[in-house]
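Written below as C-alpha cells is the structure these notes are about.
The values are calculated or read from the model by the stated rules, or taken from the named source; none is laboratory data. If you're wondering where the values come from, they're calculated on a predicted model, not measured in any experiment. All Cβ positions, glycine included, derive from the backbone under ideal geometry; neighbour counts span all protein chains shown.
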C-alpha cells in the first residue's frame with residue numbers, strides 16, 4: 001500500500017516544459033524537457049536529476065559544454081555541435097537517438113544503448129559535419145540575396161546599399177579569406193532584391209526595385225573584375241530571378257503582379273519572352289522563384305488571395321502552363337524556396353503559419369504536389385532562407401536570431417523515410433534577415449546578413465569518447481570517425497561492430513577495450529592507434545577483415561578467445577610489443593595471414609606471450625614475417641588445420657643472404673620455449689625462408705600422431721640450434737631443401753626425404 005501511494009504522488013508531479021536554460025530539468029520533481037539549448041557563455045550548463053530529455057539536446061558550438069546529472073533516459077538528437085557532454089551519472093539512451101560530432105567525457109560512467117533496435121549508427125550518418133567560421137566580411141549593405149559562381153570562387157551579393165549606393169557586390173573567396181572585387185550601382189533603384197549566377201558561366205541575373213528596367217543581365221570578368229551590362233528588360237519591381245539548369249532560359253518574377261516571365265538567353269542577350277499567368281495578383285518576394293528542372297518552375301507567394309501559395313508551372317520551351325498548386329491558406333506567407341537537385345523535393349520557408357519549414361514533393365508524371373508531413377521539423381519561428389546542399393541531402397535555413405537557438409540550422413533529409421533531422425547549427429554574431437547559399441561542391445555555406453557576410457566551412461568532425469564505458473544492445477555501424485581518449489570500453493553484448501563506414505582511432509596515451517562481439521568491415525587502418533602510446537585490447541571477439549589491415553602504431557592485448565578471419569592479411573608494423581595474455585587464445589582462421597613487419601624498430605620479439613596458456617592457433621592460416629624475422633617465446637603455437645610459416649629473405653650478393661626466419665625459443669631458458677602442438681592429420685608447412693628451432697626442453701615439440709607432419713617446402717630451411725623430438729610425428733623435406741644443424745643437434749623421429757636435401761653446419 002505504501003509503494004502504490006508513492007507512485008501516485010510521484011507521477012502526479014510530472015510536468016512538460018520547453019526549457020532554454022543554463023540548468024535544464026529538476027532534482028525534486030519529474031519533468032519532461034523539450035530540446036534544451038545550451039549556450040557557450042554559461043559555465044554551469046546541467047541536465048538535472050529527475051528530468052526526462054526525449055527531444056535531444058543542443059550545444060551552441062565547440063566551446064560549449066554541459067553536464068548530464070540525471071537518472072532518466074535521453075532520446076532524440078544529441079547535437080553536440082563540436083562541444084562537450086560530461087557525465088556525472090550513468091547515461092541510458094533510448095530510440096530514436098542520434099549522436100553528432102563532439103566530445104562525450106564519461107568520467108568513468110557508462111552509456112547504455114537501446115535494446116529495441118536492430119542497428120545503431122555511431123556517430124549517426126549525416127551528423128558528423130559541423131559549420132565552422134572561415135571568414136567574415138563587412139559589406140556595408142543589407143544583404144537580401146547571395147549566390148556562388150559555378151566554380152565556387154566568387155560570391156554575388158545583392159541588397160540595399162545604404163552606405164555606398166551600390167546594390168550589387170562581387171566578392172572573391174580563396175578558401176580562407178573574402179575580398180571585394182567589384183560593385184555595381186543600379187541607376188533605377190536603391191534595392192537589388194535578388195541575384196543569381198549563370199550555372200556554368202560568369203553571367204549574372206539581377207532583380208531590382210525599379211519602375212523601369214528592373215531586370216538586368218551582367219557579365220563579370222574573372223581577370224579584370226569588371227562588371228558589364230549585357231542586356232535588360234523594361235519590367236517593374238522585379239523580385240526574383242532564376243536560371244534554368246542548362247542556362248538557356250532565365251525566369252523573372254515581379255513583386256506584385258498576376259504573371260511571371262521566362263526569357264530565352266544566349267551569351268547574356270535576352271531573346272523571346274514567355275508569360276505564365278497566376279489568375280490573380282500575387283506578391284512574390286526575393287528567393288521565391290526556382291527551376292525544378294529544365295521543364296518545371298516553382299514559385300511561392302508572400303501574399304495571395306484564393307490561389308495556392310505554392311505553385312508549379314511547366315515550361316514547354318515555347319509556353320508556360322500552370323501544373324499544380326498547394327496551400328490555399330491566404331494567411332500563410334512564403335519567404336523562400338529551394339529545390340533539392342535531381343529529386344522531387346522542394347523546401348519552402350514561411351514567414352507565417354504553423355509549420356514554417358516544409359518540404360513538398362512534386363511528381364511530374366501525374367502533376368501532383370504533396371506536403372510531406374513526416375518531414376515537419378517543428379520550426380515555429382519565421383524561416384528567412386532555405387538552401388539544399390547539392391550532395392548528401394542536407395538542408396540549411398535561417399531564422400530570427402535568438403539567445404537560445406541557432407540562427408542557421410542544418411538538417412539531414414532522409415530521402416527514404418522523408419524525414420528531417422536536426423544535425424547542427426551556427427549562431428551568427430549579427431542581426432538581420434539572413435539569406436544563405438551552399439557552394440556547388442557543398443564545402444562552404446555563405447550567410448548574408450545586415451552589414452556582414454560569413455563563409456562557413458562544412459567539415460567532418462569526430463565523435464570523441466573519453467573515459468566512457470559503452471554497452472551496446474544491438475549491432476553498431478561506425479558512421480564516421482570515433483576518437484578514443486583516456487580509457488574506454490566497447491561492450492558489444494554479443495552483437496557486431498561494423499567499421500565499413502567509419503574508423504576508430506585510439507588517441508595518445510589512450511586505451512580501448514572491445515569485448516564480447518564481432519568486429520567486421522575492417523580494412524586499411526580503420527582501427528588504429530595514433531601513436532605508440534595507445535593500446536587496443538581485444539577480449540572475446542571475432543575479427544573479420546574485408547581487405548588488408550595495417551596496424552602501424554601502439555600495442556594490442558589479446559584476452560579471452562580472439563579469432564581473426566577473412567581471406568586477407570593483417571600487417572603488424574608497430575614498434576610496440578603486443579601481448580597474448582595468459583589463459584587466452586588467438587586464432588588465425590582459414591585463409592588469414594598475419595604478417596610481422598615492424599618498420600621503425602627492427603625487433604624480432606614484438607609479439608609477447610605471457611606463459612604456456614597463451615595459445616596462438618593456426619587454423620588453415622599463415623604466419624608470415626618480413627626479413628626482420630620473428631621470435632616466439634614462452635607461449636604455445638597450435639596447428640589445428642594445415643597451416644603455413646613463411647619468412648622473407650634478402651639476397652645481398654652471391655655470398656650473403658639475410659634469412660632471419662621464424663624463431664622458436666631463445667636457446668637459453670626452458671621457460672622461454674615456444675611450445676608447438678601439431679594435431680593429428682594436420683601439417684605445418686614452411687613455405688619460404690627458415691624455421692629456426694631454439695627450444696631447450698625436448699618435450700616442447702608435440703605431434704599427436706604419425707599423421708602430424710612438419711613439411712619443409714622446396715627452397716626453405718630448417719635450422720636446429722637444439723635437437724627436435726618429433727615424437728609420433730614426422731618431418732618431410734621436399735626437393736631442394738636445407739637442414740642446418742649445430743654440433744650435436746639432431747632430428748629425433750621419422751623423416752621423409754622427397755628430393756635433394758642439403759645438410760649444413762650452424
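Matching residues to (1) assigned by TED's automatic domain parsing to the domain that holds residue 385; (2) buried (at least 16 other Cβ atoms within 10 Å of the Cβ); (3) modelled with pLDDT of 95 or more:
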| residue | (1), (2), (3) |
| --- | --- |
| 124 | no, yes, no |
| 171 | yes, yes, yes |
| 176 | yes, no, yes |
| 180 | yes, yes, yes |
| 190 | yes, no, no |
| 219 | yes, yes, yes |
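Residues in the range 327-340: is at least one surrounded by fewer than 24 Cβ atoms within 10 Å (Cβ to Cβ) and touching a residue at least 60 places away in the same chain (Cβ under 8 Å)?
yes
Which of the numbered conditions does residue 577 fail, given that it passes all the others? Conditions: (1) within 18 Å of residue 527 (Cα to Cα); (2) surrounded by fewer than 19 Cβ atoms within 10 Å (Cβ to Cβ); (3) within 31 Å of the chain's Cα centre (by Cα).
Of everything listed in (1) within 18 Å of residue 527 (Cα to Cα); (2) surrounded by fewer than 19 Cβ atoms within 10 Å (Cβ to Cβ); (3) within 31 Å of the chain's Cα centre (by Cα), residue 577 misses just condition (3).
Within the range 98-116, is there a residue that is touching a strand residue (DSSP E or B) at 6+ places or on another chain (Cβ under 8 Å), in a loop (DSSP other than H, G, I, E, B), farther than 19 Å from residue 420 by Cβ and without any contact (Cβ under 8 Å) to a residue 60 or more places away in the chain?
Checking the range 98-116: at least one residue is touching a strand residue (DSSP E or B) at 6+ places or on another chain (Cβ under 8 Å), in a loop (DSSP other than H, G, I, E, B), farther than 19 Å from residue 420 by Cβ and without any contact (Cβ under 8 Å) to a residue 60 or more places away in the chain.
If you check 406, 397, which single one turns out to be modelled with pLDDT under 95 and either surrounded by fewer than 16 Cβ atoms within 10 Å (Cβ to Cβ) or not assigned by TED's automatic domain parsing to the domain that holds residue 60 (or both)?
Only one candidate qualifies: 406.
Just name the residue that is farthest from residue 304 (Cα to Cα) out of those in the range 237-269 that are at pLDDT 95 or above and part of a loop (DSSP other than H, G, I, E, B).
Among residues in the range 237-269 that are at pLDDT 95 or above and part of a loop (DSSP other than H, G, I, E, B), the one farthest from residue 304 (Cα to Cα) is 267.
Have a look at 352, 343 and point out the one that is part of a loop (DSSP other than H, G, I, E, B), modelled with pLDDT of 90 or more and within 24 Å of residue 144 (Cα to Cα).
When all the criteria are applied, what remains is 352.
Restricting attention to the range 445-469, and to residues there that are surrounded by fewer than 22 Cβ atoms within 10 Å (Cβ to Cβ) and more than 17 Å from the chain's Cα centre (by Cα), which single residue is nearest to residue 150 (Cα to Cα)?
Top of the filtered list is 452.
Quick check: anything in the range 414-421 modelled with pLDDT of 90 or more, touching a helix residue (DSSP H, G or I) at 6+ places or on another chain (Cβ under 9 Å), surrounded by fewer than 22 Cβ atoms within 10 Å (Cβ to Cβ) and outside any strand (DSSP E or B)?
Yes, the range 414-421 has at least one match.
Can you pull out the strands (runs of 3 or more DSSP E) entirely within the range 656-722 that have at least 2 residues that are under 46 Å from the mean Cα position of the chain (by Cα)?
Where strands (runs of 3 or more DSSP E) fall fully within the range 656-722 and carry at least 2 residues being under 46 Å from the mean Cα position of the chain (by Cα), they are 662-664, 675-678, 683-688, 690-693.
Taking the stated definitions as given, is residue 532 under 26 Å from residue 627 (Cα atoms), in contact (Cβ under 8 Å) with a residue 12 or more places away in the chain and surrounded by fewer than 19 Cβ atoms within 10 Å (Cβ to Cβ)?
So residue 532 fits the description; yes.
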